[in-house]
1. So, of the residues in the stretch 272-290 that are among the polar types (S, T, N, Q) and more than 19 Å from Q201 (Cα to Cα), which turns out to be modelled with the lowest pLDDT?
2. Could you pull out the residue among A189, A263, A197 that is in a helix (DSSP H, G or I), under 28 Å from K403 (Cβ atoms) and in contact with a Lys or Arg (Cβ under 8 Å, 6 or more places away or on another chain)?
3. Of all residues in the stretch 294-309, which are open to solvent by 60 Å² or more (accessible area, probe 1.4 Å) and either in contact with a Pro (Cβ under 8 Å, 6 or more places away or on another chain) or at pLDDT below 95 (or both)?
4. Does L216 meet the test of being open to solvent by less than 60 Å² (accessible area, probe 1.4 Å), in a helix (DSSP H, G or I), farther than 19 Å from L65 by Cβ and in contact (Cβ under 8 Å) with a residue 40 or more places away in the chain?
5. Among the residues of the stretch 383-419 satisfying the criterion of being over 20 Å from E34 (Cβ atoms) and of a type in the set (G, A, S), which is most open to solvent (accessible area, probe 1.4 Å)?
6. Does V63 qualify as being over 26 Å from the mean Cα position of the chain (by Cα), modelled with pLDDT of 85 or more and open to solvent by 60 Å² or more (accessible area, probe 1.4 Å)?
7. Out of (1) in contact with a helix residue (DSSP H, G or I) (Cβ under 9 Å, 6 or more places away or on another chain); (2) modelled with pLDDT under 95, what's the single condition that is false for L184?
8. Just one of the numbered conditions (1) within 23 Å of L443 (Cβ to Cβ); (2) modelled with pLDDT under 90; (3) polar (S, T, N, Q) is not true of S243; which one?
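The values are calculated or read from the model by the stated rules, or taken from the named source; none is laboratory data. Predicted model only: the values in this text are computed from it and were never measured. Note that each Cβ is placed from the backbone with ideal geometry, even for glycine, and that neighbours are counted across all protein chains shown. Surface areas here come from the heavy atoms of the whole protein model, side chains and all, with no ligands, DNA or RNA. Shrake-Rupley method; radii C 1.70, N 1.55, O 1.52, S 1.80 Å.
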Amino acid sequence: MNRFYKNISLSFFTILLIGCKAPMPTVIKDETKENLPKNFAQSSNDETKNIGNTPWKEFFTDVNLQKLIETALVNNQELMKTYQEIEMAKSNVLYQKGKLSPFVNAGGSIGVKKAGRYTSEGAGDASTNMEGDHPIPDPLFNYEGGLNASWEIDIWKKLRDEKDAAVAHYLSTVEGKNFILSNLIAEIANNYYELIALDRQLDIIHQYIQINEKALEIAKIQKEAAATTELAVKKFEAELAKSKAEEYVIKQDITEKENIINALTGRFPQNIERSTENMMPPLPEQIFTGIPSQLLENRPDIRQAEYELTASKLDVEVARKEFYPSLGISASLGLEAFKPNYLVKFPESVAYHLAGELAGPMINKSAIKANFQYANAKQLEALYEYDKTILNAYLEVSTKMSKIKNLNQYYELKNQESKALEKSIDIAQLLFKNSRADYLEVLMNNRDLLDAKIELVEAQKNQLTSVVEIYKSLGGGWK
């Protein structure tokens with residue numbers, strides 16, 4: 001007979017395992033990472049030299065800019081939000097880790113029960129005495145208190161996979177914070193350089209206004225001497241008014257740029273301290289990019305995508321193991337009696353139970369299948385996001401290096417243009433004063449010089465912001 005029950009139990013367990021057969025996840029291969037080029041075009045291949053490894057305080061030497069960045073690291077709301085996301089992810093790790101241990105709780109209860117007389121329970125209570133000739137009370141109260149425990153045995157390592165997935169997600173949030181940090185530093189630096197460029201442009205406008213005022217005086221003298229007409233005077237007056245109007249446009253741009261920086265640093269509107277010399281900071285003599293494989297370690301967004309891919313793989317395993325049977329153990333130990341004074345009687349009032357449960361899905365597994373398919377698709381999505389992040393990082397560095405090279409050539413030519421026009425200003429005014437040049441020539445020459453100087457400042461600003469962008473693209477700023 002015992003052999004019969006053993007065979008029945010073995011058959012049931014075999015059917016349970018067959019019914020819990022799990023599908024296999026999609027096998028993914030990271031070809032983008034494996035095919036990453038060995039070096040960058042138009043850059044040094046020396047892996048020991050990489051500006052992305054330079055701490056931001058060494059890369060940005062302007063004291064005023066350093067103060068702005070330090071303020072932003074304390075006050076920026078977006079950065080503060082990411083710190084809370086890290087705390088939430090850390091709490092989830094502790095929660096998943098806690099599920100590996102038994103759950104134990106203490107408690108007590110008071111209840112009353114009235115069994116029907118013509119039931120097996122009621123008939124049994126009516127014919128049973130508790131002590132001596134005392135029958136079982138009707139209704140029957142019940143007092144109990146003790147410890148209850150439950151524990152899911154992690155036989156398939158499902159709970160450990162959930163914990164590891166939570167750890168990977170936590171590390172992903174840390175890298176997300178580093179990515180925001182890198183972007184924040186670069187954004188402040190870019191806006192700071194743009195602000196200095198606006199200061200420089202405002203200074204150029206002031207110089208241009210002085211040139212036009214001088215030209216207007218000459219035109220008036222020429223008119224009085226009948227060497228020119230009222231038209232020339234009005235043209236110079238119009239150009240002077242136009243240049244003064246441009247002054248206020250630049251002043252508004254400065255205010256808006258200051259408020260952008262104030263927003264990034266989490267402050268109300270206030271003046272942004274900067275150099276009073278209106279000079280653009282010097283460019284580094286050479287940009288060192290290292291080798292592409294360093295992007296995998298230096299770029300926080302790549303590391304974040306990698307951790308998310310790791311987490312998604314573990315989520316697939318967790319969803320897959322839902323098809324397997326689970327083994328749970330429950331136990332309780334305490335005191336139980338129908339009167340409070342009986343609770344202190346030992347061992348009569350002691351009550352306990354211990355049970356093991358093996359259960360697995362057999363029929364209608366559509367919800368589990370859907371969850372597995374979702375996790376499997378999420379894994380592929382994470383892979384594509386990881387590949388896209390690597391590809392974009394490499395292309396970004398290549399594009400920025402090309403931009404820096406072309407901007408250097410552009411700046412040199414604009415500088416030549418500006419110097420040539422500067423020399424022509426005095427010549428044009430002298431010729432106009434001696435009636436050997438038309439007023440239109442003077443106006444056009446002055447306007448050309450203004451445009452050339454403004455474009456030269458823009459070129460300098462673009463050079464600086466491109467260096468900042470390549471620094472950020474190489475993973476600089478967050479270390």
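1. Q286
2. It is A197.
3. E297
4. Against the criterion (open to solvent by less than 60 Å² (accessible area, probe 1.4 Å), in a helix (DSSP H, G or I), farther than 19 Å from L65 by Cβ and in contact (Cβ under 8 Å) with a residue 40 or more places away in the chain), L216 does not qualify.
5. My answer is S402.
6. So V63 passes the test.
7. Going through (1) in contact with a helix residue (DSSP H, G or I) (Cβ under 9 Å, 6 or more places away or on another chain); (2) modelled with pLDDT under 95 one by one, L184 breaks only (2).
8. Of the numbered conditions (1) within 23 Å of L443 (Cβ to Cβ); (2) modelled with pLDDT under 90; (3) polar (S, T, N, Q), the odd one out for S243 is (2).
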